[in-house]
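Step one of this worksheet: look at the structure below.
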Ligand code: PAF
């Protein structure tokens, strides 16, 4: 069984023991309800470091009041079993009071990178993410931390905050794990009905079409417009964005843009799906 750590003291004892053996530590922060995408992050951590710790904490600060904090899937026992099968060394599963003691006062917020895309549609989300990730990175003190590219803007901002705050953990992005159909794995896919599944599968197909149209030289505004129409036609209810951006700034591409990323967020029924791929 994998060791379950609950407090900063448990974490300190765990890493002191590792350091004494001269072992490097990899860290994978998660909100649980683990799927193959998370397990790939854990395996990548184990390939790159001697030991791996994974955190499971459904962070209330990154959910707006109308979002799915209450119904977000929670399954610690099943998650611990999955992690044991991958060979993860420990799980940090803190109670809320450990992450946010009563007198907690700090918010970490970034400026430019959090403004577009998710920042427009979930204005309080990224401050919650950057605050919890900063606290987790400092508590765990790992050599390297691994984040999925599925939350592409989140990965960009975590790299930025680690650099800005001189956090001595290297931030590593890991490619998206997909179903055979192309659907990006997500804990929220559990909300999809049998009828919604095949529609959800089309999101990645549409992003791939956008990439090939972009490579053929079509105008970005036309590509985006056609893709949005298609999503609505096949049954998506509402589109937050489906767009081609500068892969670094996430702003509309300019002549200085070196690489391009196609990113989308759209609602299928009540479920908000996101995905992204490279356009180059
Ligand atoms: O990507 C997630 O699951 C979360 O945003 C993270 C990084 C664990 C912070 O709560």
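Does segment 226-243 contain at least one residue that is within 19 Å of the chain's Cα centre (by Cα), surrounded by fewer than 19 Cβ atoms within 10 Å (Cβ to Cβ) and at pLDDT 95 or above? So that I can check it myself, show each step before the final result.
Residues of segment 226-243 that are within 19 Å of the chain's Cα centre (by Cα), as a first pass: 240-243.
Those still in the list that are surrounded by fewer than 19 Cβ atoms within 10 Å (Cβ to Cβ) too: 240-241.
Filter again for at pLDDT 95 or above, leaving 240-241.
Looking through segment 226-243, at least one residue is within 19 Å of the chain's Cα centre (by Cα), surrounded by fewer than 19 Cβ atoms within 10 Å (Cβ to Cβ) and at pLDDT 95 or above.
Out of 79, 68, report the one residue that is within 29 Å of residue 271 (Cβ to Cβ), assigned to a helix (DSSP H, G or I) and in contact with a helix residue (DSSP H, G or I) (Cβ under 9 Å, 6 or more places away or on another chain).
On the way: 68 fails: assigned to a helix (DSSP H, G or I).
Answer to the check: 79.
Of the conditions (1) within 13 Å of the ligand (Cβ to nearest atom); (2) without any contact (Cβ under 8 Å) to a residue 40 or more places away in the chain; (3) touching a helix residue (DSSP H, G or I) at 6+ places or on another chain (Cβ under 6 Å), residue 159 fails just one. Which one is it?
(3)
Run residue 257 past the list (1) under 20 Å from residue 119 (Cβ atoms); (2) in contact (Cβ under 8 Å) with a residue 24 or more places away in the chain and report the number of the one that doesn't hold.
Every listed condition holds for residue 257 apart from (2).
For segment 84-145, please list each of the helices (runs of 4 or more DSSP H) lying entirely inside it that holds at least 3 residues being in contact (Cβ under 8 Å) with a residue 40 or more places away in the chain and within 13 Å of the ligand (Cβ to nearest atom).
Values: elements: 96-99, 118-121, 125-140.
By residue number, 125-140.
Of the residues 41, 46, only one is away from the ligand (no atom under 15 Å from the Cβ) and assigned to a helix (DSSP H, G or I); which?
Details: 41 fails: away from the ligand (no atom under 15 Å from the Cβ).
That would be 46, the only listed residue that is away from the ligand (no atom under 15 Å from the Cβ) and assigned to a helix (DSSP H, G or I).
For residue 206, state whether it is buried (at least 19 other Cβ atoms within 10 Å of the Cβ) and free of Cβ contacts under 8 Å to residues at least 24 places away in the same chain. I'd like the intermediate steps shown before the answer.
Details: buried (at least 19 other Cβ atoms within 10 Å of the Cβ): yes; free of Cβ contacts under 8 Å to residues at least 24 places away in the same chain: no.
The answer is no for residue 206.
The values are calculated or read from the model by the stated rules, or taken from the named source; none is laboratory data. As the structure is a prediction and not an experimental result, all values here were calculated from the model. Note: ideal-geometry Cβ built from the backbone for every residue, glycine included; neighbour counts use all protein chains shown.
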